[in-house]
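As structure tokens, the structure follows; a few thoughts come after it.
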Amino acid sequence: MTAATGLRTLLRHKDHLLKGLAAVLWLVIVVLSLLPGSGRPHTGYSGNLEHFVAYLGTGVVTAFALPAVSLLRLALPFCLAAGLFEIAQTVIPGRSPGVDNWMASSLGAVVGIIAVRTVVRPLLMRCLCRKT
């Protein structure tokens, strides 16, 4: 298989790949949110930054995977899940839930989704549609 054939195959299956990647990233957030404090990896950065970046990345991939879904229908599950995870952490050893964590997570997802919808995707479409 040549590189061009491999690229064409990937592009043909991009919708399934993006949806699968979005699902995997959601699963990573679920697992990391519900692990006890001693079992959770730490980056060394603030918890709010970790939340923001994790949800930003997942929001970006989810927005690419589901281009026809409205901004509200994409953002709401992130905000609800982040809130539920913070509530669940009240009974998880070594975890300290906080409204600030919920806000950082929600903001990260919303920023990622809006960035894809208003900047990244339109730029990609313009570049891909440009005739050379």
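Here are some notes:
- Tabulated pairs, the stretch 58-84, first aliphatic (A, V, I, L, M), second in a loop (DSSP other than H, G, I, E, B), C-beta under 9 angstrom, 6+ apart or interchain: A63/V69; L74/L66
- Filter pass, V91 being buried (at least 19 other Cβ atoms within 10 Å of the Cβ) and not small (G, A, S): no
Rundown of residues vs (1) crowded, with 17+ Cβ neighbours inside 10 Å; (2) hydroxyl-bearing (S, T, Y); (3) modelled with pLDDT of 95 or more; (4) over 16 Å from F52 (Cα atoms), yes/no style:
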| site | (1), (2), (3), (4) |
| --- | --- |
| P67 | no, no, no, yes |
| C79 | yes, no, yes, no |
| I87 | no, no, yes, yes |
| R95 | yes, no, no, yes |
| V99 | no, no, yes, no |
| S106 | yes, yes, yes, no |
| T118 | no, yes, no, yes |
| T132 | no, yes, no, yes |
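The values are calculated or read from the model by the stated rules, or taken from the named source; none is laboratory data. Small disclaimer: the values here were computed from a predicted structure and weren't measured. Cβ sites come from the backbone with ideal geometry, for glycine too, and all protein chains shown count toward neighbours.
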